[in-house]
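Have a look at the structure below, then the notes.
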Amino acid sequence: MHRFALRVEYDGAPFSGWQRQDHAPSVQGALEDALAQIDPGPHAVAAAGRTDAGVHAAGQVAAATLARPWDPFRLSEALNHHLRPLPVAVTAAAPAAEGWHPRFDAVAREYLYTILNRRAPDTLTRNATWHVRHALDADAMARAAAHFRGRHDWTTFRAAQCQADGPLRTVDEATVTRTGERIVFRVRARSFLHSQVRSMVGSLERVGAGAWTPGELRDALLAADRARCGPVAPPGGLVLAAVRYPRDPFA
């Protein structure tokens, strides 16, 4: 048997999320169905992150064990052929060590969340942004985001249905930048809790709108109380941008 790492890009809009489900389309299901067309199965594709419904990925990393010793380029070409016309693409493939796991071997995950901040409707990127019509103060949002950095109890920004063992996580990077009409929140950590990033963004939007001060966001974080969280931002603006490993499997 032969283990392969796959770098996967997808538009999450038509999917119920990464994880395979019996009666709804999923990214995992699309990949496993494509693998079944080219290699004897069954196949179970593991991923670095199980993105929620509507969340996108530019740098998801997955792994599969195959019967044949595929050439990596031919493997990605064959998978992309069978994935069409779904908005899923394998952008790289590489042999991986037996036992290598894209989730447990990862040392960092980076997410980007994009807000389109203007009055006019979004016609070109509506599946990949959160359209906020009222004015947002990106500088205030950036000051608030600085409070996210470090090790914290993230109960305030953790979904009630989160199944993680505990709420402690360390955020290594959290920045807000504005370029024209687009505001981008970048966040990096070894791991995240369920809906953590979208919960963070929803509260940052409250700061940008002037409903909260940066200090009030800090107080909400320190309260470790889910009731103190702002609205959860919609999934469409969120992208899993990259997953980092001690050794890049695609280098």
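Computed from the coordinates by the stated procedures, all read-outs in this text should not be read as laboratory data. This is a predicted model, so every value here is computed, not measured. Counting neighbours? That spans all protein chains shown, and the Cβs are built from the backbone with ideal geometry, glycine included.
List of remarks:
- Rounded tilt (10° steps) of 196-208 against the dominant C-alpha axis of the chain: 30 degrees
- Shape call, segment 2-104: gyration tensor on alpha carbons, a/c limit 1.5: prolate
- Contact order, relative form, for segment 108-242: 37 percent (alpha carbon pairs under 8 Å, 6 or more residues apart, mean separation divided by residue count).
- C-alpha long axis of helix 27-38 to longest principal axis of the chain, angle in °: 10 degrees
- DSSP beta bridge pairing in the chain, given as percent antiparallel to the nearest 5: 90 percent
- Diffusion coefficient, µm² s⁻¹, Stokes-Einstein with Kirkwood Rh over alpha-carbon pairs of the chain at 4 °C and 1.567 mPa s: 68 µm²/s
- Three-way shape call for segment 148-251 based on the alpha-carbon gyration tensor, with the a/c threshold at 1.5: oblate
- Normalised by residue count, segment 111-174 yields a Cα convex hull volume of 127 Å³ per residue.
- Each Lys or Arg adds one and each Asp or Glu subtracts one; over the other residues with Cβ under 15 Å from the Cβ of PRO69, this totals 0.
- The chain, relative contact order [Cα under 8 Å, separation at least 6], %: 24 percent
- Secondary structure note: in segment 108-242, about 90% of the DSSP beta bridges are antiparallel.
- When both segment 38-77 and segment 117-186 are represented by their alpha-carbon centers, they are found 28 Å apart.
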